[in-house]
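Below is one structure, written out as structure tokens; the observations come after it.
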Ligand SMILES: CC(C)(COP(=O)(O)OP(=O)(O)OC[C@H]1O[C@@H](n2cnc3c(N)ncnc32)[C@H](O)[C@@H]1OP(=O)(O)O)[C@@H](O)C(=O)NCCC(=O)NCCS
């Protein structure tokens with residue numbers, strides 16, 4: 001059986017490249033994973049040591065292949081040869097030919113259109129290369145930047161649920177919004 005998720009195509013836009021996350025990315029992953037602002041609305045972090053980043057690679061990203069998902073894309077600043085974030089299909093939707101996307105970027109690179117570009121590519125890969133029927137994505141209501149990126153892609157709002165995010169410094173009480181983009185709507189938009 002063909003397993004396209006094992007060898008993902010790469011993508012270059014401007015000074016940036018999307019390529020599969022590597023074990024050696026842990027140092028750069030720690031650089032943004034330790035940042036309170038970057039991890040504020042995420043269900044992980046902030047990292048406290050480089051070992052947190054190494055563990056994330058070995059326990060979260062690497063095992064994805066066994067689950068039938070790509071390891072995930074690293075976003076690389078080619079001018080510095082530095083890994084500055086990730087975008088990935090992190091889970092399959094039970095009983096459906098569908099997966100959910102997550103993304104994260106180093107703060108120095110925010111608001112330059114990088115994630116909008118990367119998400120556009122991941123959606124294309126999800127439908128045209130991995131052949132999903134639909135793609136899901138979520139954000140916390142307070143995460144306005146994430147919401148903006150998602151809404152630019154014509155995802156449709158599905159549901160909103162209360163959400164408690166436990167961080168080391170306290171609990172954030174919020175709501176999680178779920179969105180979906182169906183294959184037929186995506187192709188209808190092309
Ligand atoms: C969410 C995130 C990936 C966005 O990446 P990015 O490359 O900065 O996104 P883009 O530059 O493509 O687009 C961001 C949009 O949000 C807008 N924005 C950013 N901060 C905002 C704010 N506080 N209020 C309103 N709009 C905001 C920007 O103006 C831009 O919209 P525009 O293109 O219409 O001007 C990045 O902020 C990040 O990594 N955050 C931390 C991790 C995270 O929260 N991940 C998502 C979990 S759901």
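Quick note: the coordinates plus some simple rules give every number you see, no bench work behind them. The shown structure was predicted, so the numbers you read here are calculated from the model rather than taken from an experiment. A quick note on method: Cβ atoms are made from the backbone with ideal geometry, for glycine too, and the neighbour counts reach across all protein chains shown.
The table below gives the values:
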{"read-out": "Selected residue (only one of 80, 54 is touching a helix residue (DSSP H, G or I) at 6+ places or on another chain (Cβ under 6 Å) and over 30 Å from residue 183 (Cα atoms))", "value": "54"}
{"read-out": "Count of residues meeting criterion [part of a strand (DSSP E or B) and over 27 Å from residue 96 (Cα atoms)] in the stretch 144-190", "value": "7"}
{"read-out": "Lone qualifier among 66, 80, 62 - being within 22 Å of residue 12 (Cα to Cα) and out of contact with any strand residue (DSSP E or B) (no Cβ under 9 Å at 6 or more places or on another chain)", "value": "80"}
{"read-out": "Check on residue 129, closer than 29 Å to residue 36 by Cβ and either touching a helix residue (DSSP H, G or I) at 6+ places or on another chain (Cβ under 8 Å) or surrounded by fewer than 19 Cβ atoms within 10 Å (Cβ to Cβ) (or both)", "value": "no"}
{"read-out": "Test result for residue 87, under 13 Å from residue 19 (Cβ atoms), assigned to a strand (DSSP E or B), touching a helix residue (DSSP H, G or I) at 6+ places or on another chain (Cβ under 7 Å) and within 10 Å of the ligand (Cβ to nearest atom)", "value": "yes"}
{"read-out": "The stretch 151-190: number of residues that are touching a strand residue (DSSP E or B) at 6+ places or on another chain (Cβ under 7 Å) and either surrounded by 14 or more Cβ atoms within 10 Å (Cβ to Cβ) or at positive phi (or both)", "value": "15"}
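Conditions tested, residue by residue: (1) under 16 Å from the mean Cα position of the chain (by Cα); (2) within 24 Å of residue 23 (Cα to Cα).
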| position | (1), (2) |
| --- | --- |
| 66 | no, yes |
| 106 | yes, yes |
| 128 | no, no |
| 149 | yes, no |
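So that you can scan it fast, the table gives a plain yes or no per residue for (1) outside any loop (DSSP other than H, G, I, E, B); (2) within 6 Å of the ligand (Cβ to nearest atom); (3) touching a residue at least 60 places away in the same chain (Cβ under 8 Å):
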{"position": "104", "(1), (2), (3)": "yes, yes, yes"}
{"position": "108", "(1), (2), (3)": "yes, no, no"}
{"position": "116", "(1), (2), (3)": "yes, yes, no"}
{"position": "121", "(1), (2), (3)": "yes, no, yes"}
{"position": "127", "(1), (2), (3)": "yes, no, yes"}
{"position": "137", "(1), (2), (3)": "yes, no, no"}
{"position": "142", "(1), (2), (3)": "no, no, yes"}
